[in-house]
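Data block below; observations after.
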Number of protein chains: 2
Amino acid sequence: MARWQPNPRERLVFAALELFEERGYELTTVIEIAERAGLTKSTFFRHFSDKREVLFGGEAMAGLLADGIAAAPPAAPPFEAVAHALAAVGEVAFTSARREFVARRRAVIAMNPELREREALKGLGLTASMTEALKRRDVPDLTACVAAELGALAMKIAYDRWSDPADGDDFGEVARRTLSDLRAAAALC
Amino acid sequence: MARWQPNPRERLVFAALELFEERGYELTTVIEIAERAGLTKSTFFRHFSDKREVLFGGEAMAGLLADGIAAAPPAAPPFEAVAHALAAVGEVAFTSARREFVARRRAVIAMNPELREREALKGLGLTASMTEALKRRDVPDLTACVAAELGALAMKIAYDRWSDPADGDDFGEVARRTLSDLRAAAALC
């Protein structure tokens, strides 16, 4: 049987992560990332618009969140729909098999200002995507904004909690608990 | 009497804004900004770390928010302290005299991806600054996070509302109304 080979996109992501860890983001070129992945520069640019983008996966996360909100039961209130979306993220992106990758990716981003900027912009995109998905469920505008903003905050806090190896729960459960903590915290504001 | 001249920092900001409007952010150099302001490149770099930074005023806004929260009456609950901070922003940065400048600055940022990234990162800095200032008032961690996150959202929405020339209220009043709307929205999540 042939050895399992990740798809070109994943190979590029892993190659980039390795190189950023070895020599830093600034000193790594797109050509080197493509070579390490056994691919060409033009394949790189078919998948990613620039070097920064390789760690951010385009709009996949935003789409995952929007789809998760759309798929929640029709009667679910906004936070319940957000919990549904975060559970979907836990099933696809923040799985236990990907825990190590996710932590390495995060450490690399924390070390580079350009990557932190891209991440900040992506974060706004996630919030906007959840806001729009909630509005499509006829949630009133301001309520959609608040639920999406707190949903994005829950995602960050749940991610920190889930990163702790002492916590064996899956991401979706951690996120649901976090949303409920945020609701209690909001009542004290 | 001598004609009033804004300080070097403000001259650089206005010169940059004009040039970004005239020829776009990418095609403007730091030397051109300094020349337009009647100053040197080294003066530019004494005030700003790079070309992007000229529209973001360093950490001034983050400091303004933190000081406003610290100066709120000791017994003020978190949202009240945030309202205090947003009123301070209204008195210093979002004054009626600066309404036109603020709108022009915003239009320039909206047109350029690099400036949007920097703005996104600055937005995270504002939220972090408010979170820390609330914690120093002994607000519990999660409550501080939620109040700061919703405070940052209130600032954005209040800014949109205040930008509408039909609304004659000052920024602080608009922000206070917005915070109260967000509190009501949060209860429906």
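The values are calculated or read from the model by the stated rules, or taken from the named source; none is laboratory data. Predicted model, so just to flag it, every value in this text is computed and none were measured. No Cβ is skipped: glycine too gets one built from the backbone with ideal geometry, and neighbour counts run over all protein chains shown. We work out accessible area using only protein heavy atoms, side chains counted, and drop any ligands, DNA or RNA first. Shrake-Rupley method; radii C 1.70, N 1.55, O 1.52, S 1.80 Å.
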Checked against (1) within 15 Å of the chain's Cα centre (by Cα); (2) away from chain B (no Cβ under 14 Å); (3) among the aliphatic types (A, V, I, L, M), A:Met155 satisfies every condition except (2)
Show the residue pairs meeting these rules: Cβ distance below 9 Å; 6+ apart or different chains; first residue within region B:23-38 and in contact (Cβ under 8 Å) with a residue 40 or more places away in the chain; second residue surrounded by 12 or more Cβ atoms within 10 Å (Cβ to Cβ) and assigned to a loop (DSSP other than H, G, I, E, B).
B:Gly24/B:Asn112; B:Tyr25/B:Lys51; B:Tyr25/B:Asn112; B:Glu26/B:Asn112
Conditions (1) open to solvent by 20 Å² or more (accessible area, probe 1.4 Å); (2) farther than 29 Å from B:Thr131 by Cβ: number failed by B:Ile33:
(1)
Here are some residues: A:Lys135, A:Lys156. Which one is surrounded by fewer than 18 Cβ atoms within 10 Å (Cβ to Cβ), modelled with pLDDT of 90 or more and under 30 Å from A:Glu21 (Cβ atoms)?
A:Lys156
Being modelled with pLDDT of 95 or more and either in contact with a Gly (Cβ under 9 Å, 6 or more places away or on another chain) or at positive phi (or both) is the filter here; which residues of region A:12-37 pass it?
A:Ala15
Do the conditions hold for A:Asp170, that is, is it within 11 Å of chain B (Cβ to nearest Cβ), over 21 Å from B:Ala128 (Cβ atoms) and of a type in the set (D, E, K, R)?
no
Check region A:39-61 and report whether any residue there is under 30 Å from A:Ala184 (Cα atoms), surrounded by 15 or more Cβ atoms within 10 Å (Cβ to Cβ) and either modelled with pLDDT under 95 or under 15 Å from the mean Cα position of the chain (by Cα) (or both).
yes
Per the filter on region A:138-150, residues open to solvent by less than 20 Å² (accessible area, probe 1.4 Å) and more than 9 Å from every other protein chain (Cβ to nearest Cβ) are A:Ala148
Looking only at residues in region A:64-74 that are more than 14 Å from chain B (Cβ to nearest Cβ) and either in contact with a His (Cβ under 9 Å, 6 or more places away or on another chain) or among the aliphatic types (A, V, I, L, M) (or both), which one is surrounded by the most Cβ atoms within 10 Å (Cβ to Cβ)?
A:Leu65
Modelled with pLDDT of 90 or more and within 14 Å of another protein chain (Cβ to nearest Cβ): is that true of A:Glu80 in this structure?
yes
